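Take a look at the structure below.
The values are calculated or read from the model by the stated rules, or taken from the named source; none is laboratory data. Predicted model only: the values in this text are computed from it and were never measured. Reconstructed Cβ throughout: ideal geometry from the backbone, glycine too, with neighbour counts over all protein chains shown. These accessible areas exclude ligands, DNA and RNA; they are computed on the full protein's heavy atoms, side chains included. Shrake-Rupley method; radii C 1.70, N 1.55, O 1.52, S 1.80 Å.
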Amino acid sequence: NIVISRNLESIAEGFELVRSCDEAVALLAGEEQASIIGGAQIYGEMIPLCDEVLLSYVFHPYEGDTVLPEFEDTFEIKEVIYRDEDFELRRYVRR
């Protein structure tokens, strides 16, 4: 478990603290798979490195000031893993 933060001085046991996405990627060298849980800036830097995106799509127009960076021009939806009346989980793969 890697936490990317410029603000934290310490982290709970079982986690690795790094200051940038580049540092996180270096720690992941040789790993077959990794999961990324953002913030918008983290997603913006990491999505270009990804082969797959799992996206929870909520069917309600919540207001907010943070959005997921555009990625659909280089990815295509491969399947809907789960769907109910409130949301669906979509799997996108790189074209």
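With a 1.4 Å probe and every protein chain kept in, tell me what percent of the accessible surface of the range 12-95 is carbon plus sulfur.
Looking at the range 12-95 in its full context, I get 50 percent from C and S.
With a probe of 1.4 Å, find how much accessible area the chain has per residue, and write the answer as a whole number in Å².
80
Could you list the GluC sites (Glu not before Pro) in the range 5-35 that lie in coil according to DSSP, counting only those with at most 14 other Cβ atoms within 10 Å of their Cβ?
Within the range 5-35, the qualifying GluC sites (Glu not before Pro) (loop, at most 14 other Cβ atoms within 10 Å) are E9, E13, E31, E32.
For the range 23-78, state which chymotrypsin sites (Phe, Trp or Tyr not before Pro) are in a DSSP loop and have at most 15 other beta carbons lying within 10 Å of their beta carbon.
F59, Y62
Using the Cα centre as the reference, give the magnitude of the dipole from point charges on the C-beta atoms of the chain (Lys, Arg: +1; Asp, Glu: -1; all else neutral), rounded to the nearest 20 debye.
So the magnitude is around 140 debye.
Select from the range 19-86 those trypsin sites (Lys or Arg not before Pro) which occupy a DSSP coil region and have at most 15 other Cβ atoms within 10 Å, ordered by residue number.
In loop regions of the range 19-86 (DSSP not H, G, I, E or B), the sparsely surrounded trypsin sites (Lys or Arg not before Pro) are R19.
Across all directions of projection, what mean area in square nanometres is found for the Cα convex hull of the chain?
Result: 7.8 nm².
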